[in-house]
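The values are calculated or read from the model by the stated rules, or taken from the named source; none is laboratory data. This is a predicted model, so every value here is computed, not measured. Ideal geometry is used to build each Cβ from the backbone, glycine not excepted, and the neighbour counts take in all protein chains shown. For the accessible areas, the whole protein counts, side chains as well, though only heavy atoms, and no ligand, DNA or RNA atoms are used. Shrake-Rupley method; radii C 1.70, N 1.55, O 1.52, S 1.80 Å.
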Amino acid sequence: MKYDYLIVGSGLFGSVFAYEMNRRGKSCLVIEKRSHIGGNVYTEEKHNINVHKYGAHIFHTNNKEVWNYINQFAEFNRYTNSPVANYKGELYNLPFNMNTFYQMWGVKTPEEAKAKIKQQKAEANIDEPQNLEEQAISLIGRDIYEKLVKGYTEKQWGRDCTDLPSFIIKRLPVRFTFDNNYFNDLYQGIPMGGYTKIIEKMLDGIDVELNTDFLEDKDKWMAMADRVLFTGMIDEYYDYCFGELEYRGLDFEFETLDMENYQGNAVINYTDRETPYTRIIEHKHFENAVSDKTVITREYPKAWEKGQEAYYPMNDERNTELFNRYNDLADKEGNVIFGGRLGMYRYFDMWQVIDEALKLVKSLE
Ligand code: FDA
């Protein structure tokens, strides 16, 4: 049988696209090189806890259409992301808000907090920030920079803040209320039962082949459908003919602990430079799961090498130029479309992936 669409990748982008095309009466085949569906939003149940296998995934958006869309596949709880920072054993609330300022300086009113930040900015006396360190200090002063920004950012990027460009942090969220909600978006939550159930619903009734790498037999797969949606890496698709796009990598270290509650919060960031991981996720707190065990993940940022899972695109000048060259080739394709975070080489939150996939479907009508 020849399908209308071959969809390469069963992540959120490929799955939304497949669901929508299937609904419109188009026949679809989804192929996925991993042993499971869902791409990076994949969750797996362990001891009654939905474990986010590729890092914490919190759904948040201001887009009502996208929020209504995703809610047809799952009921969302009222989870609010309120990470805590651990700096050498001192605990601070995030994002920077009145709780943080009280913990840092003992100040109790917005006026006192503003005065403290103003004083620290003035002491820094930086006119034109030349690097990330100067940019951060000129935005929030030295104390918050040194305890909550410096080490975390250096681990994340694998470079000193003085060697990182200032544009990485155009602004830092500062809030003069006692509000630990990390996101400003109107809608936020975690799908009860995990993300994999959402993807299962989207792909219900659609042919899916796991453990199947499109690029190992491109011609065979191309011949199986009229059009192809490719959500893998665009440079890999073109056999790296112009060179490799760069990413930041991540290692996840999972541990099951024989205790009910390890850290009392889903996300704790370790903001000193010496601790090798950036954060510890305790999965049960995303859904208040009841279990006498708990599962935690330590996240270690690392340099990325070809062949490893790619997590964060490095959208600097070199990589943007390189991506544009690949994108020019993509524009010339007759029946291959590129989508998703790897096909479009962009960091997308989940709501953006849904939005982009729905726009693509509309453009093909
Ligand atoms: P995704 O990578 O999920 O899917 C692509 C699929 O294609 C993969 O399954 C891959 O195996 C497959 N594939 C690739 N090449 C192939 C080939 N040659 N043949 C067959 N299959 C192939 N967002 C958010 O809103 N809130 C959050 O809290 C987070 N948190 C978060 C944490 C971390 C650590 C990361 C890295 C990302 C987030 N995100 C997020 C972003 C979120 O993960 C992202 O928006 C979506 O997973 C992207 O979905 P895609 O379908 O585009 O890619």
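Observations
- When G55 is tested against (1) under 17 Å from the mean Cα position of the chain (by Cα); (2) open to solvent by less than 30 Å² (accessible area, probe 1.4 Å); (3) more than 10 Å from the ligand (Cβ to nearest atom), only condition (3) is not met.
- Tally, over segment 160-202, of residues that are in a strand (DSSP E or B), open to solvent by 20 Å² or more (accessible area, probe 1.4 Å) and in contact with a helix residue (DSSP H, G or I) (Cβ under 8 Å, 6 or more places away or on another chain): 2
- Any hit, segment 58-65, residues being closer than 30 Å to D258 by Cβ and assigned by TED's automatic domain parsing to the domain that holds R227: yes
- Test: N81 is within 16 Å of the ligand (Cβ to nearest atom), within 17 Å of the chain's Cα centre (by Cα) and open to solvent by 60 Å² or more (accessible area, probe 1.4 Å): no
- K155 touching a helix residue (DSSP H, G or I) at 6+ places or on another chain (Cβ under 8 Å) and crowded, with 18+ Cβ neighbours inside 10 Å: no
- For segment 21-31, the criterion of being within 8 Å of the ligand (Cβ to nearest atom), buried (at least 17 other Cβ atoms within 10 Å of the Cβ) and of a type outside the set (A, V, I, L, M) is satisfied by no residue at all.
- Residues of segment 1-12 satisfying the condition of being open to solvent by 10 Å² or more (accessible area, probe 1.4 Å) and within 30 Å of N288 (Cβ to Cβ): G11, L12
- Residue that is nearest to D251 (Cα to Cα), among those in segment 32-51 that are part of a loop (DSSP other than H, G, I, E, B) and open to solvent by less than 20 Å² (accessible area, probe 1.4 Å): G38
- Flag for D239 being among the charged types (D, E, K, R), part of a loop (DSSP other than H, G, I, E, B) and either within 16 Å of the ligand (Cβ to nearest atom) or out of contact with any strand residue (DSSP E or B) (no Cβ under 7 Å at 6 or more places or on another chain) (or both): yes
- Some residue of segment 314-328 being surrounded by fewer than 18 Cβ atoms within 10 Å (Cβ to Cβ) and within 11 Å of the ligand (Cβ to nearest atom): no
- Selection within segment 330-343 - farther than 20 Å from M202 by Cα, open to solvent by 40 Å² or more (accessible area, probe 1.4 Å) and either within 7 Å of the ligand (Cβ to nearest atom) or part of a loop (DSSP other than H, G, I, E, B) (or both): K332, E333, G334, N335
Here is a yes/no grid of residues against (1) over 30 Å from N48 (Cα atoms); (2) touching a residue at least 60 places away in the same chain (Cβ under 8 Å):
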| position | (1), (2) |
| --- | --- |
| E209 | no, yes |
| W221 | yes, yes |
| A225 | yes, yes |
| G232 | yes, yes |
| G243 | yes, yes |
| L250 | no, yes |
| T256 | no, yes |
| Y262 | no, no |
| V267 | no, yes |
